[in-house]
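Read the structure below first, then the notes.
Readers should treat all values here as calculations from the given coordinates under stated rules, not as data from a laboratory. Everything numeric here is computed off the predicted structure, so don't read it as measured data. Cβ placement follows ideal geometry from the backbone for every residue including glycine, while neighbour counts extend to all protein chains displayed.
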Amino acid sequence: MRRLVCRLACIIFLSAMSIALSGCGDKERKLPRYSLKSVPLFDLSRSYSNCRWRNNLKYLYQPLPKPLKDAKIVVNKKRHILYLFSGDTLMRIYPVNLGPDPLNHKIRAGDGRTPEGRYFICNKNPNSKYYKSLGISYPSKEDAKRGLRLGFITKKQYEAIVYAIDHGKRPPWFTRLGGAVCIHGGGIGWDWTRGCIALRNADVQELFEVTRVGTPVIIISGLSKREKPVTPKPSLITTANSGRKHRSLD
């Protein structure tokens, strides 16, 4: 009897140790994490400084209602931060990663850039390859107008994009302008996507639960008028990271 009890105790102990060593079961990669202590939390750019959130910081530490009333997402690319608002009240701050060219505006498929402008969540995928994803309505009508002028899309493709945006639907994603730009999980640590916005899985889980299709998404560069985005040049760091796959839906 004592031997049986000892065996059961050993089994329970080893099981507990294996659970502790394996973590919480999140499939995020073991990457260096951004620390919110080292990130300027409330540095919205001048192009988005009209929100009255300074006196509402208490909501950062409270559970969010599902769905969140009057939800709105703002992404500051320079700061690598996603802000979640309820109306003008700041509710959450999430660190994010982007693609290999994070500060320039997306022009065409495969450029590794995250678009800038006013978009909305056009679909939600609970079975994304990167945990969960929220599709962004890129290309917008402005993106389509520029793409038509540059000869990247046809007049018919332009009209299809305009129709989709006007009716709150997902625009065509498989044109030379690119598409399938999403807010998704997969973890953070370096700019590893192809232009999507990557979060920690726990963060995208919360975001997925409180937002709806149609939620506005505003993406800004975060650069001042004097600053100009610089296209990344090869370096020892980027060369070392070149072996890492830049994965995303785009």
_Taking a ≥ b ≥ c as the square roots of the Cα gyration tensor eigenvalues, with a/c under 1.5 meaning rounded and otherwise prolate when a/b beats b/c, else oblate, which class fits segment 64-154?_
prolate
*Counting Lys and Arg as +1 and Asp and Glu as -1, each charge on the Cβ, what is the dipole of segment 83-209 about the Cα centre in debye, to the nearest 20?*
540
*Decide, for segment 63-116, between rounded, prolate and oblate: order the square roots of the alpha carbon gyration tensor eigenvalues as a ≥ b ≥ c, take rounded if a/c falls under 1.5, and otherwise choose prolate if a/b is larger than b/c, else oblate.*
prolate
*Show the residues, 5+ positions off or on another chain, whose built amide H is closer than 5 Å to the amide H of Ala71.*
Gly87
*Given the peptides 121-130, 171-180, 211-220, arrange them by the average over their residues of other C-beta atoms within 10 Å, most packed first.*
171-180, 211-220, 121-130
*Which peptide among 106-113, 77-84, 131-138 comes first, and what is the full order, when sorted by highest mean count of other Cβ atoms within 10 Å?*
131-138, 77-84, 106-113
_Net charge within 12 Å of Val75 by Cβ-Cβ distance, Lys/Arg positive one each and Asp/Glu negative one each, not counting Val75 itself?_
+4
